[in-house]
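Read-outs: derived from the displayed coordinates by stated rules, not from any lab. Every value quoted in this text rests on a predicted model; they were computed, and no experiment measured them. Cβ: placed from backbone, ideal geometry, glycine included. Neighbour counts: every protein chain shown.
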């Protein structure tokens, strides 16, 4: 009888790790130690904390989600290779073949755009053809887009220092850069759930919102030359930016993901594509999980923002339009979660609400910068 | 039931209900939108212009110009505090009970009614006590392996219940998040303007709306150093000091006394290579009777200085009274005489004399102006140098605002001195563009302009044109007539430029011939301008213009500028020659005792949200029934979702093989 007792024993995380996991963590930590040794003089104590915090975080997430570990390693290798091709000269971005066509920051970002467009088309094709193989191709294309997007951001980070040492900064400082971040985070969140819940059929829906952002990036690049790296205004020169912005975009990304799943849910509940899409329960669950993640991170981001504001603007809350709209977004999802968790509400009402939530979120993210003025106007169109 | 009691109970039920809480969240959200759509805390004149007197008054009454500090908004926040507190009061004990209990009083009947349950048949010979004990042990091990805590309970009929729970810490999430909201809101209210509002209602305090020196502000509009929280501003010119901050309230202000004196030694702006500002820094000195000697520290954006609980921030900057030296040109004088004029920002001066005298109000000086001058707006912005903003006010009180750049600017490949004018703040500036001369100065145009205005020079100009263009025809009568018409044309042009000529044409030329006449006149003005310009150059012993495309453009620009002069609003062109820059640093001073509470609340909030969403409460009951050799398995969660279904199915199978 004792032989049964082993069947239900669950291994702890540490027990489940194999030598590859440890090797991965070792490489990540070694990378951060290398960065520390080389650039410690440019970092303040908080930034050193973030560096090693990030190493720990990415080790942990990589252990839980092996594909992400692969992504981290590949982003690292390709970015370092790209950086090595520059020889410290910005001009080589348009002279060296590999940089010009593949892995300079601008080219990599363009490849990201291309892969996202292809991925969307492929996902939809897979949905209509019910083709498992095509679905796998679409997933691979999305991963490729994410890989190139992150390489683009990493290399852009490096390029900003080539312009001038005092211009250099992490590429999450303006609307152009955060749109890329938005695409990447939304895609990663989706890929995570796709693997966990086996929902390749939803890819086409989620890629819609990502490709809307891609469209914006393209317009912003070609019409407004927004891809040019600009130095930071004094208010943005702070370690807070490194955590406030990514946390916020995990929030925005999750809310967008939830809204796109909601749209699929609504279609399926009306009978459209119902046989092709995952079951309503799965979509409902995914919508909830996504909003829960988004809400948690959006809360953290808003709190971090308040702390930053207390340091930069003289008060943790100034009722600035961006702050106020962040509050409105927060209240909106707080009410959503109340109804779902306490009242047990399910179904179409919450799906519609999640869709409306996307409009509110988009306004907070983009509309405030376009239509309202305030302290937070870092990205004008 | 006592009706009074039932009213209280109903009120309690309403206020502590989730429906009410969610409604409040919605109301708060909608109310917050108002303040983002309507720009807050603008000068009240702007609102009057925007809405008109009636709506302005109504909106003022509703407190829409400072929504977030209006009485009704504070009431919403207070209601949220009350409602959330009552929610905690009502549900808190239940949550704690749920957190502690194993629910070991569940009966077989109630377990059978569960949606998630299964029954296992044990081998018939396991009715022996020792075997039952071994099953019990196995099940305990199972629960332990799954992270459940459990408790045994012997039933009346001899069967034994194992009641188990996991993840009940989730219940703390509820308490944490809701307590957090109360703490955050109270912390925020502590830092808000509630104390002042109460004092204002009681008549103890009043805002000051007049622009008077700080020392004359009466006691009723001053806040003493004991004031627990405030957010005020202070503008210090370099080399000066202050011991009060100004707190803006609606259309007035309050004076906040500080327990120390702040002096500004130096203010610096650093720039990137592209000209954009890189850092704003102030070297501050704090002079405090409690200190043996003053302390010095440099603050910058993102790096405030907290002293005695008051945080001092680098907020903005402005001019601190820059000294200016101008050369004043009278645009309509027939000569090229200039007068010197000296002033300083925030000072006033006088131009001209008698009834025509104008008051000069020096408003602002900027040393750096980063402007994007490319026509499509796609080029890179760059620094176009200093400018000065001033107003010229006539004796009727009418003022025109001017902005004049010190250095010439490049527009479409040519260089101009730029000076803009506007009559009201809501207008855009209209610009006079004076082309630079060959020495990159303004003198060339000014000398040309003097010649063009001086009627005594016209016969000479006319004679030169006649000599050059009427070579073949020497008849004196024709020549004379031609010369007369040139003189006449120049006279008209001197009265109002192209515009004046257009008016004359409209009045005296038949409609069909107007176009022809206009082009003839314009050609002739061009030729005259060439002669006039060369006469002005000759008088100043400068090399004459030769015919070239570039000089052609210079003449065209000079004539345009001459015509625009008549719309400049005043005859005075103030050419900025020298300045002695003095800056003032804008500081923000805040005291916010609520901040630590808000942060504490924030930490609680995050902890609460994570435990609420990522700790899953699950309960398992295993009822061992020796009599029938059965084990009843039942499972429940306060949130039923996919994860729970999966877990239940897994356990059901695992238990099945365990008990087989």
> Could the peptides B:83-89, A:174-180, A:254-260 be put in order, highest first, of the mean number of other beta-carbon atoms found within 10 Å of their residues?
Replying inline: A:254-260, A:174-180, B:83-89
>> Considering only C-alpha atoms, what is the centroid distance from region B:406-472 to region B:13-29, in Å?
In response: 70
>> Give me the mean projected area, in nm² to one decimal, of the convex hull enclosing the Cα positions of region B:446-575.
In response: 9.4
> Packing-wise, with mean Cβ within 10 Å as the measure, how do B:579-591, A:63-75, B:202-214 rank, highest first?
Replying inline: B:579-591, A:63-75, B:202-214
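Using the Kirkwood radius built from alpha carbon pairs, what does the Stokes-Einstein equation give as D for chain A at 4 °C and 1.567 mPa s, in µm² per second?
Values: Rh = 22.1 Å.
It diffuses with D of about 59 µm²/s by this estimate.
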>> Please list, short to long, the whole-number percent of alpha-carbon pairs of the protein assembly as shown in consecutive 20 angstrom bins beginning at zero.
In response: 10, 30, 31, 19, 7, 3, 1, 0
>> Suppose we take every Cα in region A:5-157 and form the convex hull; what volume per residue is that in Å³?
In response: 155
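Evaluate 2.2 N^0.38 Å with N set to the residue count of region B:203-330, then give the Cα radius of gyration divided by it.
Details: Rg = 17.3 Å, N = 128, 2.2 N^0.38 = 13.9 Å.
Normalised Cα radius of gyration, region B:203-330: 1.24.
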> Going by the alpha-carbon gyration tensor, a ≥ b ≥ c the square roots of its eigenvalues, is chain B rounded (a/c under 1.5) or, if a/c is not under 1.5, prolate (a/b greater than b/c) versus oblate?
Replying inline: prolate
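Would you calculate a helix-derived [θ] at 222 nm for chain B, using -39,500 (n - 2.57) for each DSSP H run of n ≥ 4 and dividing by the full residue count, to the nearest 500?
Details: 15 runs with 270 residues, N = 660.
Using -39500 (n - 2.57) per qualifying helix, the result is -14000 deg cm²/dmol.
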> With chain A treated as a Gaussian network of Cα nodes joined by springs under 10 Å, which of A:231, A:165, A:278 yields the largest mean-square fluctuation?
Replying inline: A:165
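Cα gyration tensor of region B:138-263, axes a ≥ b ≥ c as square roots of the eigenvalues: rounded (a/c below 1.5), prolate (a/b > b/c) or oblate?
Values: a/c = 6.65, a/b = 3.66, b/c = 1.82.
Prolate, because a/c is 1.5 or more and a/b exceeds b/c.
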> How crowded by other chains is A:330-341, given as the mean number of beta carbons from other chains within 10 Å of each beta carbon?
Replying inline: 4
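Would you mind computing Rg(Cα) / (2.2 N^0.38 Å) for region B:3-97, counting N as its residues?
My calculation over the Cα atoms of region B:3-97 gives 1.48.
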> What does the average come to when, for each residue of peptide A:172-179, you count the partner chain Cβ atoms lying within 10 Å of its Cβ?
Replying inline: 0
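Take the Cα pairs of region B:99-198, get the Kirkwood Rh, then feed it into Stokes-Einstein at 4 °C and 1.567 mPa s and tell me D in µm²/s. Numbers along the way, then the final one.
On the way: Rh = 17.8 Å.
D, rounded to a whole number, is 73 µm²/s.
Can you pull the Kirkwood radius for region B:289-386, inverse mean 1/r over Cα pairs, to one decimal in Å? If you can, show how the numbers build up before the last one.
Values: mean 1/r = 0.0537 Å⁻¹.
Across region B:289-386, the inverse of the average 1/r is 18.6 Å.
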> Between region B:586-660 and region B:519-577, what is the C-alpha centre distance in whole Å?
Replying inline: 84
>> Would you calculate the convex hull of the Cα atoms in region B:602-660 and tell me its volume per residue in Å³?
In response: 93
>> Helix B:642-659 against the longest principal axis of chain B: what's the angle in degrees, Cα atoms only, rounded to the nearest 10?
In response: 30
> Helix B:549-565 sits at what angle to the longest principal axis of chain B, using alpha carbons and giving 0 to 90 degrees rounded to 10?
Replying inline: 80
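Starting with the highest mean, order B:509-515, A:357-363, A:45-51 by the number of other Cβ atoms within 10 Å, averaged over the residues of each peptide.
Values: B:509-515: 10.4, A:357-363: 19.0, A:45-51: 14.6.
Answer by packing, highest mean first, reads A:357-363, A:45-51, B:509-515.
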> Which whole number gives the average count of other chain Cβ atoms within 10 Å of the Cβ atoms across peptide A:227-237?
Replying inline: 4
> Does region A:238-376 come out rounded, prolate or oblate, given a ≥ b ≥ c as the square roots of the eigenvalues of its C-alpha gyration tensor, rounded meaning a/c under 1.5 and, failing that, prolate meaning a/b above b/c?
Replying inline: prolate
